[in-house]
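Enquirer: Please find one structure pasted underneath; my questions will follow.
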Amino acid sequence: MRTLNTALSRLYWVTECIQENILADFLSAQRAEVVAMSIFEYNEEEEMKKIRADEYSVGKAENVLDLLEDVGEIPAGLHERILSETDLVLLKKWLKLAAKARTVREFMDQSGLA
């Protein structure tokens, strides 16, 4: 029942804004989406955690690439594969392998990315 009351309250709010000519064009065109989005609570702390985790994984991937660049040319496919990885455990493993590798080929063989 609370969700229904919340939805009706949001719909009323959107309707009132349109009648008061507050963002009327936008709210008229996007009414359903605005109501739907306003029902769900935005959790800034949770979103910031997700953003930090994404940034951290990109940083790890870039560290792997930096180490590999020191030992040879990185094929485009490998470069893309490393940057697309988000598993921090795997990225940590790759970072250790990249630090020990004498060539990019050696890294590829040991990491299973050959």
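Enquirer: Mind checking which aspartates and glutamates have their Cα closer than 16 Å to the Cα of LYS93? Skip sequence neighbours fewer than 8 apart in that chain.
Expert: Straight-distance partners of LYS93: GLU62, ASP66, GLU85, GLU106, ASP109.
Enquirer: Which of LEU88, LEU97 has the fewest other C-beta atoms within 10 Å, and how do the rest follow up to the most?
Expert: Ordered by Cβ neighbours within 10 Å, fewest first: LEU88, LEU97.
Enquirer: Fewest Cβ neighbours within 10 Å first, please rank MET108, MET48 accordingly.
Expert: Ordered by Cβ neighbours within 10 Å, fewest first: MET48, MET108.
Enquirer: Compute the distance from the alpha-carbon center of segment 56-80 to that of segment 15-33, in whole Å.
Expert: Answer, in whole Å: 48.
Bear in mind that the values in this text are calculations on the coordinates, not laboratory data. Please read these numbers as outputs of a predicted model, since none were measured by experiment. No Cβ is skipped: glycine too gets one built from the backbone with ideal geometry, and neighbour counts run over all protein chains shown.
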